[in-house]
Amino acid sequence: MRFSALCAAIVLAATLAVPVATGAEVTVFNYEVLGDAYREVEPAPLKTITIVGARNGTFSGAVALKSAEKIVGVKASTAELVGDGAKIPLDQTVLQYAISWNSVGGGPGGLDILLKEPPAEVEPLKNQPALVGVWITVKVPEDAKPGLYRGQLTVEAEGLPAKTIPVELTVADWRLPDPKQQRTWIEMIQSPDTLALEYDVPLWSDRHWELIGQSFQLIRPTGSRIVYIPLLRNTNQGNSESMVRWIKQKDGSYKADYTIMEKYLDVAQEHLDKDLDLVVFYAWDAYMVLKHRKTSFEERPKEPGQAQQRWDMRQQGLTVTMLNEETGETEPGGLPLYTDPKSKEIWAPVYKELRERMKRRGLEDAMVLGMVNDLEPSREEIEFLNEVSGLSWVCHAHYQRTHGKPSPNNILSGVGDIRYEAHAYSLIYQVNIQPDRLQGWQVPEDRVYLDRFGLMNGKALRIRLMPQMNITGNQRGVGRIGADFWSVIRDPRGRRVGQAFVRYPENHWRGLNISNYLLAPGPNGPVGTARLANLREGVQESEARIFIQDALLDEEKKAKLGDDLAKRAQTILDEHQRAMWLSYWTDNDQLEKLGVISGRSMYEALWGGLSKTGVDMPGFWDGSARRMRSDADNKGHDWFVDSGWQERTKRLFVIASEVEAKLK
């Protein structure tokens, strides 16, 4: 009877068209693109979305929708941004929808994944409300008229009637360089295997190539122009196949097939950049080492573990992919090690062919070998590869090798040249602005910061500041950044537990495995993240700083600026630099005591520097220090978000325009 009565009530409600509640109320509030919507416990009243930018750059603003129950039916639209006698075309404005990694099995925190289409629904998290961000991102045309542009963003959802929020974009009269012209070094690495595993597509299928192209498109605005071509399989980067495959001939010889390599370079040059900085031929990896410090792999280890795995893999020789020319099928195979007398006749023709193919692409000067890490090839292996390839090396390691010695330097065993390195130890930063300022982008060697601790999977603000933190220190920028290296291996419960390279423990690099990833798995392919957007905007601010500082360092240019402009410009640069360090440690008086500091990260360098000035600091790695660092990090983060950072960015771009006008 109760069931019948309920059915009757439903029918009556439908007949009378009485609206039925679909869930809890949805509210909308502003949040910073470098902040975290989950930290907005009591969101402030809704206000205008403000965006600050410059010509030829890309800039974002955001709001978030919040509900105690799931959010359904999110929609958003925007209108043209209109200024004084000028407009930003609507096709230069993109809307994206920010969701949590929890919706895809786990990953970094916050509203990080930026979807191209609104999610069908967003569930509350444990002890947290349902949240979805709406980002408005504007690509400012290079010929845009400077000034203030106004528009609007309209958002709605079930439980949220259409709400319109004003949008204001301030455009400074300074043109940002194209990504390929940037002087802030960014190296972001693409992972073909992650995409094949995530989307369950065959390696090198048409769909796989489409996905790889999407990743390169997302990497492109950062200025990264480095591509890896694995000549080995089962690499530290998770490559299950070599891109040069081998066909065994009837007489026992081998013929190289370059089809996959050529296609990968085609896609890279189309979607990343035609003029690549480096093309790394991945020819050496950890399993090939014989000795490292006190560890020897020359004799079969007695205990199981990584040493055993390396030994077993080494017995296969060079790990490569074999191709059946008749069937097109591939299988794991091996070639003689480089120290084998047969290797020269195998590899000398290959490197000659590689050079000719790269020359036709205009990339001959971009050719390098990889990968040196904490482990490195023996002198015999280096001499062999010198002979057959004539190429220098890329190094990703804990400790620094170049020490002010640009290529050519013969650092590896006295015979091997390192052309580019990313390192995690002996990083140098400058807190206070001394007359002899550090200018990281001017260091003689190509040497950058390596994020050993996975900080780039943390707060978006930290990623945004990283380029400037390093170029105002003694590094050219940031390297060994994972693009689509998210955890693609799942446990039985669907949780993401491992990256593609965990399949090959024989080539683990311990603390040097790629620990971060700035792309995310979207429903139809890789998508960007809030952290990627902040890296891009951080690089743009870094480029403005370099442009201004270069003028101040050149006496002839500085004279053209005049004393007043030169002084104002330096004041703004100093203001930016101090704000960066206040975001880590908000005691300004204690920061005043610091000059040049060094460590394995900004945190460790700052911690050690404060200790040396007499500030009572606990040991960096003990429990009390971790709690203290976390508290200081959150306090500094919140200070920066509320400190008028957009106004500082505006002043930076405006002073760059004044400098540019004087120099013209």
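The values are calculated or read from the model by the stated rules, or taken from the named source; none is laboratory data. Note that this is a predicted model, so its numbers are computed, not measured. Cβ: placed from backbone, ideal geometry, glycine included. Neighbour counts: every protein chain shown. Surface accessibility is based on the protein's heavy atoms, side chains included, excluding ligands, DNA and RNA. Shrake-Rupley method; radii C 1.70, N 1.55, O 1.52, S 1.80 Å.
Among the residues of the range 313-369, those identified as out of contact with any Asp or Glu (no Cβ under 8 Å at 6 or more places or on another chain), in a helix (DSSP H, G or I) and closer than 25 Å to D266 by Cβ are W347, P349, V350, Y351, K352, E353, L354, E356, K359, R360, E364, D365.
Just one of the numbered conditions (1) under 30 Å from K662 (Cβ atoms); (2) of a type in the set (A, V, I, L, M, F, W, C); (3) surrounded by fewer than 21 Cβ atoms within 10 Å (Cβ to Cβ) is not true of I471: (3).
When we screen T170, T154 for residues that are open to solvent by 30 Å² or more (accessible area, probe 1.4 Å), farther than 30 Å from L450 by Cβ and not in a loop (DSSP other than H, G, I, E, B), the only hit is T170. With the condition kept exactly as written, say whether any residue in the range 650-661 is exposed (fewer than 15 other Cβ atoms within 10 Å of the Cβ), modelled with pLDDT of 95 or more and over 26 Å from the mean Cα position of the chain (by Cα). Within the range 650-661, one or more residues are exposed (fewer than 15 other Cβ atoms within 10 Å of the Cβ), modelled with pLDDT of 95 or more and over 26 Å from the mean Cα position of the chain (by Cα). Can you pull out every residue in the range 33-56 that is within 15 Å of I99 (Cα to Cα), in contact with a strand residue (DSSP E or B) (Cβ under 9 Å, 6 or more places away or on another chain) and at pLDDT 90 or above? Selection gives V33 alone. Among the residues making up the range 93-130, those that are closer than 18 Å to G528 by Cα, touching a residue at least 60 places away in the same chain (Cβ under 8 Å) and not in a loop (DSSP other than H, G, I, E, B) are Q96, A98, W101, V104, I113, L114, L115.
The rows are residues; the columns are (1) of a type in the set (F, W, Y); (2) not in a helix (DSSP H, G or I).
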{"residue": "A559", "(1), (2)": "no, no"}
{"residue": "D589", "(1), (2)": "no, no"}
{"residue": "L594", "(1), (2)": "no, yes"}
{"residue": "W607", "(1), (2)": "yes, no"}
{"residue": "M617", "(1), (2)": "no, yes"}
{"residue": "A625", "(1), (2)": "no, no"}
{"residue": "L652", "(1), (2)": "no, no"}
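Every residue, every condition in (1) under 15 Å from V244 (Cβ atoms); (2) open to solvent by 70 Å² or more (accessible area, probe 1.4 Å); (3) at pLDDT below 95, yes or no:
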| position | (1), (2), (3) |
| --- | --- |
| Q306 | no, no, yes |
| L318 | yes, no, no |
| T327 | no, yes, yes |
| L337 | no, no, no |
| A348 | yes, no, no |
| E356 | yes, yes, no |
| K359 | no, yes, no |
| L369 | yes, no, no |
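For residues that are within 22 Å of V28 (Cβ to Cβ) and of a type in the set (G, A, S), scanning just the range 50-76, find the one that is surrounded by the fewest Cβ atoms within 10 Å (Cβ to Cβ). Ranking the candidates gives A68 first. Against the definition (open to solvent by 50 Å² or more (accessible area, probe 1.4 Å) and modelled with pLDDT under 95), how does A79 come out, yes or no? So A79 fails the test.
Does E123 satisfy the criteria of being open to solvent by 80 Å² or more (accessible area, probe 1.4 Å) and closer than 26 Å to Q540 by Cβ? Answer is no for this residue. Would you mind stating whether G614 is of a type outside the set (S, T, N, Q), surrounded by 18 or more Cβ atoms within 10 Å (Cβ to Cβ) and farther than 30 Å from Y31 by Cα? Answer is no for this residue.
Output yes when any residue across the range 417-430 is crowded, with 22+ Cβ neighbours inside 10 Å, closer than 16 Å to R536 by Cβ and either touching a strand residue (DSSP E or B) at 6+ places or on another chain (Cβ under 9 Å) or among the hydrophobic types (A, V, I, L, M, F, W, C) (or both), and no when none is. No: zero hits.
Tell me, which residue of the range 499-524 that is charged (D, E, K, R) and either touching a Pro at 6+ places or on another chain (Cβ under 7 Å) or surrounded by fewer than 20 Cβ atoms within 10 Å (Cβ to Cβ) (or both) is modelled with the lowest pLDDT? The extreme case among them is R510. Can you find a residue that is closer than 21 Å to N474 by Cα, outside any helix (DSSP H, G or I) and among the polar types (S, T, N, Q) anywhere in the range 384-397? No - not one qualifying residue is present in the range 384-397. Scoring S242 on the criteria (1) under 30 Å from L663 (Cα atoms); (2) of a type outside the set (V, I, T); (3) touching a Ser or Thr at 6+ places or on another chain (Cβ under 6 Å) leaves a single failure, condition (1).
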